[in-house]
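The values are calculated or read from the model by the stated rules, or taken from the named source; none is laboratory data. This is a predicted model, so every value here is computed, not measured. Glycine gets a Cβ as well: all are built from the backbone with ideal geometry, and neighbour counts include every protein chain shown.
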Amino acid sequence: MKKIASLLLCLLFVLLALTGCSNDETAFVPKSYTPDSDQITGVCVDVRDRQIEVVLSTDSYIHIDYYENEEEYNTISVSEDNKLTMIAETNKEWTDYIGGKSAAGSRKITLHLPDKTLSALQLSTTNEDITLAALSIGREVSLSNNGGNISFETLNVGNSIVLATKNADISGSLVGTYEDYAITSTIKKGNSNLPADKEDGDKMLNASNNNGDINIEFVGE
C-alpha cells in the first residue's frame, strides 16, 4: 500500500512539473498575410483550436491576420489556379499539450474577404467558433467544426453549402427561399428546423450535427 501511495505521489509531482513547463510557452507573435494577386478564386483554411472570423475586406484583396510561434505555425500558399490555402502546422511534443490552451487572443484568425469575388470557400477548425459576415460566394461553401459553433449572416451561395459540426450549434441565414434549396439534414442529440430530405431546389444545402442544434433561416433575394 505504501509503495502504491509513493508511486502515485511521484506521478503527481511529474505531472505538476510537466504542467509548469508547458505553461511556459513560446510567445505568440501577430502575423498578417496578403497575396500579391487580387484574382484569388478560392480560399481553404484548415486549422485546429483556432477561432475563424470572416469579415468583409475594405479593398479588393484578401488579408489574413493570425498568430503563431515556433511550435504552432501555418503554411500559406497560392496555387497556379489561384487558390489560397492556409494549413496549421505544429512541432509540439505530447508534453506541450499539458496545461491548457494558449491565450485566447492568439487562437483567432481573421479572414478579410472581398465580396462577390470568390468561387469557393472552405473553412475547418476545432474547439473554437467559425463566424461569417454577410457575403457572396460564387459556387460553393464548406464549413466544418468539431467542438465549436458555426454561424453566418445573409450568406449568398451560388451552388452549394455544406455545414458540419459536433458538440456545438449551427445557425445562420441564407439568401434565397426555402424552395431554392435541395436539402439534406442529419441531426443527433439536438434539434433542427430543416427537413431530413428535400429533393427539389436548384441549390444544395447539406447540414449535419451531432450533439447540437441546427437553425437555418431563408431571407429571400
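Is it the case, given these coordinates, that I150 is within 15 Å of V54 (Cβ to Cβ), without any contact (Cβ under 8 Å) to a residue 24 or more places away in the chain and crowded, with 18+ Cβ neighbours inside 10 Å?
Spelling it out, I150 is indeed within 15 Å of V54 (Cβ to Cβ), without any contact (Cβ under 8 Å) to a residue 24 or more places away in the chain and crowded, with 18+ Cβ neighbours inside 10 Å.
For segment 153-186, which residues satisfy the criterion of being under 22 Å from D49 (Cβ atoms) and outside any strand (DSSP E or B)?
Residues satisfying the conditions are N167, A168, D169.
I need a count of the residues in segment 192-221 that are within 22 Å of the chain's Cα centre (by Cα), assigned to a loop (DSSP other than H, G, I, E, B) and over 16 Å from S151 (Cβ atoms).
1
Just the residues that are of a type outside the set (V, I, T) and surrounded by 15 or more Cβ atoms within 10 Å (Cβ to Cβ), please, taken from segment 159-176.
S160, L163, A164, K166, N167, A168, D169, S171, G172, S173, L174, G176
Which number in (1) of a type in the set (D, E); (2) under 15 Å from the mean Cα position of the chain (by Cα); (3) surrounded by fewer than 15 Cβ atoms within 10 Å (Cβ to Cβ) marks the one condition that E179 misses?
(2)
Grab the strands (runs of 3 or more DSSP E) fully contained in segment 26-87, keeping just those with 2 or more residues being on the phi < 0 side of the Ramachandran plot and β-branched (V, I, T).
42-46, 51-56, 72-78
Any residue at all in segment 181-204 that's in contact (Cβ under 8 Å) with a residue 40 or more places away in the chain and touching a strand residue (DSSP E or B) at 6+ places or on another chain (Cβ under 7 Å)?
Yes, segment 181-204 contains a residue that is in contact (Cβ under 8 Å) with a residue 40 or more places away in the chain and touching a strand residue (DSSP E or B) at 6+ places or on another chain (Cβ under 7 Å).
Is at least one residue of segment 137-145 more than 30 Å from Y73 (Cα to Cα), modelled with pLDDT of 95 or more and either among the acidic types (D, E) or out of contact with any Gly (no Cβ under 6 Å at 6 or more places or on another chain) (or both)?
No, the conditions are met nowhere in segment 137-145.
Evaluate segment 58-69: report whether one residue or more is closer than 27 Å to K166 by Cβ, modelled with pLDDT of 95 or more and loosely packed, with under 15 Cβ neighbours inside 10 Å.
Looking for residues that are closer than 27 Å to K166 by Cβ, modelled with pLDDT of 95 or more and loosely packed, with under 15 Cβ neighbours inside 10 Å, one finds none in segment 58-69, hence no.
Please find, among L143, L132, the residue that is under 11 Å from the mean Cα position of the chain (by Cα), closer than 16 Å to R50 by Cα and in contact (Cβ under 8 Å) with a residue 24 or more places away in the chain.
L132
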